[in-house]
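**Q** Shown below is the structure under consideration.
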C-alpha cells in the first residue's frame, strides 16, 4: 500500500491507497524561489507593468480605496498591505485618507476579529476597514452583454483605486485576480447574478481568458469605473507568495495568468478510473461552495463512470443558503443543470456545476467532517472516514483501477495529453 498525507482544513489527513494502478501524485510545477515574500512583493512594486509606480501615480489629499479579498481566498492581505500603504504614505497620502474594502461578493460579512486577522493588527488599528455591502451600490453602466453594473459606493466615490488579489484557476472566469476584485468582489447582487449567468456559455472554463464570456463581461464592466493600480500574487499551499506582478489591471494580471497556466496545468497520459483530490485545505475547503472548484479542475481526466474522492473539511458546510437548497433538493443532477439553464440562480450555479461533473463522470465521494457527512447531497456521497471512501471507490472500480492523487486540487489543472 502507498501512504499519502493530504491537506484538510488547517491540518492534514492520512490516506492509504493500493500500489497497483497508481499513475502518480501531481502538484503544480513550482520554480525554485530564493527571494522572500517581501522581496518578491517589493520587486513587483518597483517594476510595475504598464504604469508608473503607485507612489508616482497617487496624489496627496486623494481618497484612496484598497480592495482586497475576504477569508474565502488565500490572498495574503496582511503581507501585501504594509508595502502598499507605506508607499502611499511616502507619496503624501495620510492614513485617514485610506480605506480598505473587503471584497465579499455574495459571501458573508467578516467579523471584527476576522478583519483584524486578515489585514494585520497594526494596519487594522491605523486604517479604516469596511466589509463590502451589496445594498449600497452605484450604477456605472451596462455592458454589451446586458449586465447592469453597480459597485459599492465607497469604491465608486474614491479618487484612487488599488486592487489586491491572488491569481489561481477559476472554473468559469478562467482565473481569479485582476478585475475580479471589483466584479464580483464589490458589486451588487444583481450585477453578480447577470455576470455569472454567462458561465453556461462556451469558453467559460478554467484557464480560458481571451475568449471567455464571463471574463470579458467582468473587464468591460470594470472599465466603466477603472482601477488605478493592482498588486496580484500567486501563493503556494502554505499561502506564501511565490510570484507577484503589479501595475496595469489588465497587463499585470495577464502576466501572472500566463505563468500560472504554464505551471498549473499538468499533463496526464490517459483518462483515469479514480482521482483522489484534496481541495488544498483551508480556506479552499472552508465550505463546499469553495471546495467545488477542485471538483471542476480535476474531473476532466476521469473516464465516464469514474470516481472522484474529494477531501474537504467544510467546517462552514455549504457556504450559501441557495446552494444548500439546490444541492439538498433530492433532484437528479440533470434536473439541476436544466433548471439553471431555464432560470439562472446564484448559489444554484454551484450545484449545477457539480451536477455537470456527475453527468460526465459519475458519483463524487466527499470525505468531510462527521456532521456534514450526514447530509444527503445531489450527486455526492459523503463519508467521515477516508478508509471507507477508498474501499468503496476501489470496490466499485476494481483494485486494478488506474488512479492519481492531486493534493492541491484547486491549484492544479490536469489535462489529458493530446496526440501529436
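Throughout, read-outs are computed from the coordinates displayed, never taken from laboratory work. Quick caveat, the model's predicted, so the values are computed rather than measured. Methodologically, a virtual Cβ is constructed for each residue, glycine included, from the backbone with ideal geometry; neighbour enumeration extends over all protein chains shown.
**Q** So, in nm, how far is label residue 189 from label residue 53 when the simple model puts each one 7 Å beyond its Cα toward the Cβ?
**A** Inter-label distance under the simple model: 4.5 nm.
**Q** Applying 1/(1 + (r/R0)^6) with R0 = 35 Å to the Cβ-Cβ distance of residue 321 and residue 144, what FRET efficiency is obtained, to the nearest 0.05?
**A** The formula returns an efficiency of 0.65 here.
**Q** Follow-up. Determine how many Å³ per residue the convex hull of the Cα atoms of the chain encloses.
**A** 138 Å³
**Q** log₁₀ I(q)/I(0) of the range 149-199 at q = 0.24 Å⁻¹, via Debye over equal Cα point scatterers, no solvent, to two decimals?
**A** Debye intensities relative to I(0), on a log10 scale: -0.97.
**Q** Given axes a ≥ b ≥ c from the Cα gyration tensor, I'd like to know whether the range 265-337 is rounded (a/c under 1.5), prolate (a/b larger than b/c) or oblate.
**A** Oblate.
**Q** Rounded, prolate or oblate: pick one for the range 311-364, where a ≥ b ≥ c are the square roots of the eigenvalues of its C-alpha gyration tensor, a/c under 1.5 means rounded, and failing that, prolate if a/b is larger than b/c, else oblate.
**A** Oblate, since a/c reaches 1.5 and b/c is not below a/b.
**Q** Angle check, please: helix 251-264 long axis (alpha carbons) against the longest principal axis of the chain (alpha carbons), in degrees 0 to 90, nearest 10.
**A** So the inclination is approximately 20 degrees.
**Q** Quick one: check the C-alpha center-to-center distance for the range 187-241 versus the range 341-420, whole angstrom.
**A** 25 Å
**Q** Suppose the chain between residue 396 and residue 211 were pulled fully straight at 0.36 nm per residue; how much longer would it get relative to their current alpha carbon spacing?
**A** On the way: separation 185, 0.36 × 185 = 66.60 nm, distance 3.93 nm.
Gain in length upon complete extension: 62.7 nm.
**Q** Something else: Just to be sure I understand the model, the point goes 7 Å from the Cα along the line to the Cβ. What's the resulting residue 223 to residue 342 distance in nm?
**A** So the two model labels end up 3.7 nm from each other.
**Q** Continuing with this model, one more query. Relative contact order for the range 37-262: what percent, with Cα pairs under 8 Å and sequence separation of 6 or more?
**A** 25 percent
**Q** Same structure, new question: Hey, with R₀ at 22 Å, roughly what FRET efficiency would residue 42 and residue 122 work out to, going by the Cβ-Cβ distance, to 0.05? Walk me through the numbers on the way to the answer.
**A** Numbers: r = 18 Å, r/R0 = 0.83.
That gives a FRET efficiency of 0.75.
**Q** Would you mind classifying the range 185-239 by shape? Square roots of the alpha carbon gyration tensor eigenvalues, ordered a ≥ b ≥ c; an a/c under 1.5 is rounded, otherwise it is prolate if a/b is larger than b/c and oblate if not.
**A** In terms of gyration-tensor shape, oblate.
**Q** Which distance in Å, rounded to a whole number, links the C-alpha centroids of the range 90-105 and the range 10-75?
**A** That distance is 21 Å.
**Q** Considering only DSSP beta bridges where both residues belong to the chain, give the percentage that are antiparallel (nearest 5).
**A** 35 percent
**Q** While we're on this one: Cut-off 14 Å, label point 7 angstrom out along Cα-to-Cβ of residue 86: give me the residues of the range 104-123 whose amide nitrogen falls inside.
**A** Taking a point 7 Å out along Cα→Cβ of residue 86, the residues of the range 104-123 whose backbone N falls under 14 Å are 123.
**Q** Quickly work out the residue 63-to-residue 416 label distance, labels modelled 7 Å from Cα along the C-beta direction, and quote it in nm with one decimal.
**A** 5.5 nm
**Q** Now for a separate question. Please work out how much length the chain gains when fully extended from residue 201 to residue 2, using 0.36 nm per residue of separation minus the C-alpha to C-alpha distance, in nm with one decimal.
**A** On the way: separation 199, 0.36 × 199 = 71.64 nm, distance 4.09 nm.
That works out to 67.5 nm of additional length.
**Q** Sticking with this one: Nearest 5 is fine: what % of DSSP beta bridges in the range 37-262 come out antiparallel, could you say?
**A** 40 percent
**Q** Along the Cα-to-C-beta direction of residue 370, a point sits 7 Å from the Cα; which residues of the range 6-35 have their amide N less than 11 Å from that point?
**A** Under 11 Å, as judged by backbone N against the label point of residue 370, lies no residue of the range 6-35.
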